[in-house]
1. Can you give the helix-only mean residue ellipticity at 222 nm for the chain, where every DSSP H stretch with n ≥ 4 adds -39500 (n - 2.57) and the sum goes over all residues, rounded to the nearest 500 deg cm²/dmol?
2. Suppose a student asked you for the relative contact order of the chain, using Cα pairs under 8 Å spaced at least 6 residues apart; what percent would you report?
3. Multiply the residue separation of residue 53 and residue 101 by 0.36 nm, subtract the distance between their alpha-carbon atoms, and state the gained length in nm to one decimal.
4. Roughly what would the spin-label model give for residue 160 and residue 124, points 7 Å off Cα along C-beta, in nm?
5. Pick from 107, 26, 96 the residue whose mean-square fluctuation is largest in a GNM of the chain, springs joining Cα atoms under 10 Å.
6. Please work out the Cα convex hull volume for the chain and give it in Å³ per residue.
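Laboratory data are not the source of any read-out in this text; all were calculated from the coordinates shown. Please read all numbers here as calculations on a predicted model, not as lab measurements. Please note: Cβ atoms are built from the backbone with ideal geometry, for glycine as well, and neighbour counts cover all protein chains shown.
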Ligand code: G3D
Ligand code: MG
């Protein structure tokens, strides 16, 4: 029988790394604009099939709209999240150096066991790339994250990032429920 899962996930990373572009591409504009205005976060839902593990997943993707200063917005943003995509922009080293901060914030608000996919975004900008694959992969490995290189512009590996996260969350969910 096909297993059904529902997960809330959060999009993490500095401004302009491509969180909104990636969410929009993945969910094809399934944004709830009214909700966004209420809480200062974008919110989109996507249902997906993962045939190789016979699962259906309903993903609720949360994306901070701008950089809300208010603590209550951030708390609501993180509450109930089961996984995260942590993005950086391969053309701006600062966004790669800052992933440590986002990781810490996720650990504090969700817990250290949170499945995370590290996403090196904007790989279409080949000529202005400054963070190479080796460094991204090494960081991911050190922290137990999955590593994916993507372009929200061309769509390359966008689906892969979410599918990989889903698989990791399903695995964790099964492990947790058998404890
Ligand atoms: P954010 O939500 O993380 O703040 P956005 O980032 O999704 O708003 O993206 C910031 C800018 O980067 C946008 O450009 C967007 O089009 C661009 N962008 C996002 N992902 C990619 C990508 O993979 N490749 C390229 N080349 N550009 C990308 P604008 O000009 O609209 O501000
Ligand atoms: Mg955004």
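1. Helices in the chain give a 222 nm mean residue ellipticity of -12000 deg cm²/dmol.
2. Once normalised by length, the contact order is 23 percent.
3. Length difference between fully extended and current span is 14.0 nm.
4. About 1.6 nm separates the two model spin labels.
5. 107
6. Roughly 119 Å³ of hull volume per residue.
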